[in-house]
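What follows is a set of notes on a single structure, which appears directly below.
Readers should treat all values here as calculations from the given coordinates under stated rules, not as data from a laboratory. From a predicted model like this one, the values you see are computed outputs, not experimental measurements. Every residue, glycine as well, gets a Cβ built from its backbone with ideal geometry; the counts of neighbours run over all protein chains shown.
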Amino acid sequence: MSSPRIAIVGAGISGICMAVALQRAGFADFTIYEKADDYGGTWRDNSYPGLVCDVPSRYYQFRFAKNPEWTHLYSAGPEIKDYLVGVAREHGLHRNTRFGTEVTGAEFDGEGWQVTTSDGATGRFDFVLCATGFLHHPTRPDIPGLDDFAGPVMHSARWRHDVDITGKRVGVIGTGSTGTQLVSAMAGNASEVVLFQRTPQWILPTVNRPYTRLSKWLYKRVPALGAVPYLFNRAAFAVFSQGLVHPGRVRKLIQWVVERHLKTVEDPELRAKLTPDYQAMCKRLVVSDRFYRTVQRPDVRLVTEGIDAVEQRGVVTADGRLHELDILVLATGFDSHAFMRPMAITGAFGRTLDQAWSAGPRAFEGVMMPDFPNLFMLVGPHSPFANHPLTAVAEAQSTRIVGWLQRWRAGEFTTIAPTHAATDRYNARMRAAAPSTVWTTGCTSWYLGKDGLPELWPWTPGAYEKLIRSAPNTADYQLNLRAASRS
Ligand code: NAP
């Protein structure tokens, strides 16, 4: 039995998860390419003040690496990054990782992949596993004059720790999960925080609390206890996700909760400005118990007039007003549809990824594409996400990928890709299910693709896990069987 040579692109949650799954299955010949200088992906890139994961810590972790030391119910960003670095270290992944090395291209050569990196080197691999994430490329808004601003301008995912906000007038553009966290964290430290809101958000209240020493001690002493919060949260998210994908009671209940929460804003004029005109969860639900309190502070100003331009002294809104600022923060999100790009990927028959995805990212079961044999994706198009933890998605997908690699090792095939017919059927079923989801009920969001349909799995995450953990139907794949003689 030969062992495949494997390239993993990206050392964030899904890259680490994949690498550990390979190790556990006895695949030793893998290289992780990471363009940055550390593990952590989005948790490395995002280091803005107030970053807290809105999924409970004891759920937002790998099942194979349960951490008894989480300090809070909802962990802060640096703690999650440290956890991911710790998992990578514990598994000795540094021996397989090439930091500071960006994969710029990958070309299928008939039986495997020629991978090119930013240093001009090339390597040949039997499989390429893309773990590149989707909240990775910051979006810089196209606002006239942005470059003319005299003070620092920073995207939330490129936080400049050399910029001190103390006593400064800080403008924040964007009211997603990031903008709301940032404003809540900076108020009271900055002299004034001005929040430029284009679209209001529904906010689900929650209470963060520290774990007691006793609870941490117990989880350390009795690791099996980790299953309790895991299963509890899994059940809670299963109920929550019913509301995402079906109209009905759960959706109504969440709507009721967020409307009640909004009523905690006392000034009717401010409350009206903060009231969305779409259903809760249509955009990704923001989770915060601080935001409404923060926007009611005298040193926080909510601006709802559109932004016309940025000039040297600040932001000019459509009413002609200049909002003078010292620092400008862009909490304007990410190009979530890029996935593995800008890597230049060329599959079979010279077909490029840009050609294959000219109508938008498409995949089979979230992990493979026709015409791109032996190329797998983690958290690829139409994987479940929304507020669901990506650790769980990555674990399920890496199990499927390992299953195929084992079959390759057993000599069942040399190359594998899903058929066009199976991929078309799969995508047609998802398109048919999209209208029941909350994401198509009348809002714009990064969840929607060019065709206005969600690029998310339109059923519950549990249904996806069941699918991806089940035995694949060989009829859905084109297997090159020449390898039968290899082993
Ligand atoms: P986002 O949800 O895409 O929000 C971007 C915000 O910027 C929106 O309010 C958008 O307004 C606004 N915006 C964009 N361009 C603008 C312009 N030209 N003028 C004015 N406003 C503009 O981005 P995000 O807040 O960074 O969050 C992205 C995702 O990261 C989240 O959905 C979530 O999945 C993840 N995240 C998770 C956590 C967590 O706790 N787990 C924390 C932070 C982020 P419109 O709504 O009008 O487009």
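Structural remarks
- Rounded to the nearest 10 degrees, the angle from helix 227-245 to the longest Cα principal axis of the chain is 80 degrees.
- Magnitude of the charge dipole for the chain, about its Cα centre and with charges confined to Cβ atoms of Lys, Arg (+1) and Asp, Glu (-1), is about 1920 debye.
- Relative contact order, whole percent, for the chain stands at 21, derived from Cα pairs under 8 Å and 6 or more residues apart.
- Principal-axis tilt of helix 420-433 within the chain, Cα atoms, nearest 10 degrees: 30 degrees
- Shape annotation for the stretch 159-252: C-alpha extents along the principal axes are 48, 41, 20 Å, from largest to smallest.
- Alpha-carbon Rg with Dmax, taken over the stretch 58-158, Å: 19.3, 54
- Rounded to the nearest 20 debye, the dipole size of the stretch 146-330 about its Cα centre is 1460 debye, using +1 on the Cβ of Lys and Arg and -1 on the Cβ of Asp and Glu.
- When the chain is described by a simple charge dipole with +1 on each Lys and Arg Cβ and -1 on each Asp and Glu Cβ, the residue from Val228, Gln406, Met368 located farthest towards its positive end is Val228.
- Residues whose amide H falls under 5 Å from that of Phe364, counting only those 5 or more places apart or on a different chain, are Met369, with hydrogens built in the peptide plane.
- Rg over Rh, two decimals, the stretch 198-332 (C-alpha only, Kirkwood Rh): 1.09
- 5 angstrom amide H check on Tyr74, placed H, neighbours 5+ away: Ser57, Arg209
- Listed by chain and number, the aspartates and glutamates placed with their C-alpha closer than 13 angstrom to that of Lys220 are Glu69; residues fewer than eight positions away on the same chain are left out.
- Sorted on the mean count of surrounding Cβ atoms within 10 Å across their residues, most packed first, peptides 359-366, 167-174, 61-68 read 167-174, 359-366, 61-68.
- The overall shape of the stretch 21-79, judged from the alpha-carbon gyration tensor, is oblate: a/c is not under 1.5, and a/b is no greater than b/c.
- Listed as lacking a disulfide-compatible partner in the chain: Cys17, Cys53, Cys130, by the criterion of no other cysteine Cβ under 4.7 Å.
- With semi-axes defined as the square roots of five times the eigenvalues of the C-alpha gyration tensor, the equivalent ellipsoid of the chain measures 39, 25, 23 Å, largest first.
- Along the axis of the charge dipole computed for the chain (Cβ charges of +1 for Lys and Arg, -1 for Asp and Glu, origin at the Cα centre), the listed residues Val250, Pro200, Pro435 are led at the positive end by Val250.
- Measuring between alpha carbons in the structure, the pairs from Lys263/Lys283; Lys252/Lys283; Lys252/Lys450 lying more than 22 angstrom apart are Lys252/Lys450.
- Farthest towards the positive end of the charge dipole of the chain, among the residues Ser75, Thr117, Ala309, is the Cα of Ser75, using unit charges on the Cβ of Lys, Arg, Asp and Glu.
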